[in-house]
Structure formats: C-alpha cells, structure tokens
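For reference, the structure discussed in these notes is given below.
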Amino acid sequence: MIDLRRIYLDHAATTPVDREVLLEMLPYFTRFYGNASSLHSDGGVAHEALEKAREKVAEVINAEPDEIIFTSGGTESDNLAIKGIAYKNKDKIKGKGPHIITSSIEHPAVLETCKFLEKEGFKVKYLPVDRDGIVKLDILEKSITKNTFLISIMAANNEIGTIQPVEEIGKIAKDYDIIFHTDAVQTIGKMPMDVKKINVDMLSISGHKIYAPKGVGALYVKRGVTLQPILNGGGHERKLRSGTENIPGIVGLGKACELAKKRMSKDIQHIKNLRDKLIKGILENIEKSYLNGHPEKRLINNAHFRFTAIEGESLIMDLDEKGIAASTGSACSSKKLQPSHVLLAIGLTPVEAHGSLRLTLGRKNTKNEIDYVIETLPKVVNRLREISPLWKK
Ligand SMILES: *Cc1c(COP(=O)(O)O)cnc(C)c1O
C-alpha cells in the first residue's frame with residue numbers, strides 16, 4: 001500500500017533514479033540500441049555514448065577516462081578490485097601467505113570477498129575501529145608485512161556514516177608501496193573525492209546509490225595497476241570486464257555523476273541542514289537516545305540512532321505504518337535479524353545494536369518531512385517502550 005505521504009529516509013540502501021538521468025537513458029533502450037562493439041554506425045553511436053559516460057564518471061573523481069571500468073555495481077567493483085589484484089599477486093609471493101589488510105566494518109561485498117580469499121590461502125587482517133567507527137591507523141601500520149599487497153578500506157561506512165581518513169591511509173599505502181582500494185559507494189556526490197589527492201589505486205562506485213539505476217557501477221583502476229579479470233569473454237572494458245556493455249545503465253551512471261558534481265555544494269548544504277535538524281530534534285525529544293558513529297566525520301545524509309529498550313525491527317514496522325521508510329542497520333543484513341557487524345565493531349552490545357535506527361536523507365527530502373519525523377518518532381518510541389519489559393523508568 002503506497003501512502004501518499006511516504007517519507008523516504010533510506011537513501012543509503014538505494015536512491016530513486018533522477019528524472020534527468022532517466023530522460024538521458026531512455027533513447028538508448030529503443031532508438032540507439034546498438035552494441036558498442038559493432039562496426040556499423042549503430043554500434044558507433046553506442047560506443048560514443050559509452051565513452052562520453054566514461055568521461056563523466058572520471059570527472060567526478062578527477063580520474064582519466066581510460067581509468068574507468070564499467071561493472072554491474074558496487075559489489076562487482078569490490079570483487080574485481082580485490083580478487084583482481086589478489087590473483088595477480090598470488091604467484092609473486094607464492095607460499096609466503098600473501099596478505100591483505102581491510103577493516104572490520106566493510107560492506108559485505110568487501111568482507112565476504114576477503115573471507116573467500118582466506119579459504120584460498122590468502123591472509124587477511126581485519127582492522128579494529130574506535131567507538132566512532134574510525135579505523136585505527138597505528139594498528140594499520142603495524143599490521144603491514146612484507147607480503148602485504150593490498151589495503152582495502154571504505155571511504156565512508158554505509159551504516160553509521162563514519163568517514164575514514166583515506167588520505168592518510170593512501171599515504172601509508174604509498175610509503176610501503178602497497179595497492180590501496182577504497183569502496184567509495186557512499187561518498188560520491190556527498191563529499192569531494194579526488195583520486196589524485198587520496199593516492200588511491202582503485203575505487204568502487206555504484207549507480208543506484210547516486211540516483212542512477214540499479215545494476216550499473218564502475219571501478220577506477222589507476223594507470224599502471226594490472227588486474228586479473230574475474231569475468232572472461234569478449235574482452236570488453238580493457239579486457240577487465242567482458243560482457244556487452246549495459247549502455248542505458250552506463251549512460252545513466254554518467255549523467256548521475258555529472259549531476260553529482262554539478263549539485264554537490266547545493267546538496268551538501270540542503271541535506272546536511274536537514275540532517276543536523278533531525279539529529280538535534282531526535283536527541284532532544286527522546287530520552288536515552290544516542291547517536292552512533294562519529295559526530296562530525298560522518299556522511300552529510302546519515303543519522304544513526306540507538307534507543308534504550310527498543311527493538312529496531314518493531315520500530316521500522318511502526319514507522320513504516322506512519323509513512324516513514326527507515327532501516328535498522330544496513331539494508332543487506334537487516335532481514336537476517338542478526339546484530340550488525342558494524343555496530344558490534346564499534347563496541348555496542350547485541351542488545352544495544354538491536355535498538356538502532358538508520359535514517360539516510362536525499363535530495364528530495366523537505367523540511368516538512370523532517371518536522372513530521374521529529375514529531376512522530378518520539379511517539380513511536382514511547383509507545384514501544386510502554387509495552388517493553390526492558391524499559392524501566
Ligand atoms: C550498496 C553498497 C555496495 C554494493 O553496491 P551494489 O551496487 O548494490 O552491488 C557496496 N559498498 C557499499 C559501501 C554500499 O553501500
């Protein structure tokens with residue numbers, strides 16, 4: 001049932017396709033449907049669109065167009081980056097336990113890829129984070145061995161919104177001559193990302209987190225970095241990602257990146273203002289409510305709360321009934337009803353973790369919507385607490 005007053009506050013899970021993005025894509029389904037590899041002029045039109053989109057994606061992170069590889073999304077980009085470099089390095093340091101460093105709060109696309117590689121003989125260090133979710137740099141540096149070939153640490157966390165010190169990590173990686181990959185799925189358009197400044201070798205992007213469609217993404221691979229492909233076939237995308245290119249999706253991703261760049265300062269102002277108002281309103285109006293994640297070093301659109309004696313899932317259901325779309329931890333793990341690995345890593349108990357709520361804002365949210373949430377959420381929390389055996393006044 002769609003409520004007309006629906007308030008969508010789950011932009012970290014996915015975003016709507018921007019109208020301008022959709023309009024840019026449409027002709028590529030029915031009119032310019034050529035295969036970018038074809039030699040005829042229909043193929044040429046598709047090829048041109050592909051390269052134009054590549055320029056736009058490159059521009060948003062200050063990369064060169066030939067450093068952009070189109071993929072099916074953030075998950076594939078993370079897999080290609082990590083497995084691609086791992087398989088390339090396996091033989092170089094055979095028998096010595098090739099070593100990867102990552103963090104304990106990565107997205108499953110990184111964590112599960114690392115766990116998979118552990119079964120294949122790779123060694124992985126999962127770095128701890130502090131209470132705010134920031135990776136401990138001293139432990140990072142101490143963890144480096146002569147077999148470390150990759151550091152993969154996300155630019156910002158999808159659950160609690162904490163922004164990592166990627167420039168410092170990039171500097172350490174460079175000092176030790178180690179490849180640095182960052183999952184920047186959550187940061188594009190929300191803060192400046194400059195691959196030259198960060199000193200990063202690979203960077204993952206996903207379309208549907210930045211107002212482009214689902215099922216398209218990109219991996220930045222710095223010139224000179226060589227990967228082993230994980231998909232074999234016709235040799236598309238510099239032989240790194242075979243498969244006929246998803247031209248409409250890629251055109252959409254290009255447009256979304258162009259808009260992300262063009263609108264960033266406006267977005268930051270609008271969204272951050274609303275987010276700050278939301279955080280203040282909730283912390284002031286609900287007793288025993290806390291903010292998870294770093295108070296300042298956090299994504300402009302992320303508000304992540306914890307309420308004593310509240311069960312996150314009931315909260316989501318009640319908010320949904322009131323027309324508010326929210327999330328417990330991360331969308332990927334919230335259906336499993338297991339405490340989020342991110343919340344456990346920042347030191348919350350499983351019970352505390354269960355009482356958490358993530359609200360992530362987007363371009364279209366309004367002040368009225370946020371006022372409604374500030375008015376509604378305390379009522380919902382109070383009602384749940386009234387019937388909770390855990391709540392002692
Ligand atoms: C959503 C997300 C992904 C996965 O991207 P998909 O395009 O959905 O595969 C990876 N990393 C982070 C941080 C994400 O938020």
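Here are a few things to note about the model shown:
- Inverse of mean 1/r across different Cα pairs in the chain, Kirkwood, Å: 21.8 Å
- Taking region 257-393 and dividing mean pair separation by its residue count, relative contact order in percent (alpha carbons under 8 Å, at least six apart): 32 percent
- J(HN,Hα) series, region 248-263, from Karplus relation 6.51 cos²θ - 1.76 cosθ + 1.60, nearest Hz, glycine and proline x: x, x, 5, 4, x, 5, x, 5, 4, 5, 4, 5, 4, 5, 5, 9
- Between region 52-111 and region 127-144, the alpha-carbon center distance in angstrom: 21 Å
- Separation of alpha-carbon centers, region 150-200 and region 351-393, rounded to whole Å: 31 Å
- Which listed pairs, of 255/277; 52/277; 146/171; 174/297; 125/171; 209/392, have C-alpha distances above 28 Å, in listed order: 255/277; 52/277; 209/392
- Nearest 10 degrees, 0 to 90: helix 367-386 Cα axis against the chain principal axis: 60 degrees
No value in this document is a laboratory result; all are computed from the given coordinates. As the structure is a prediction and not an experimental result, all values here were calculated from the model.
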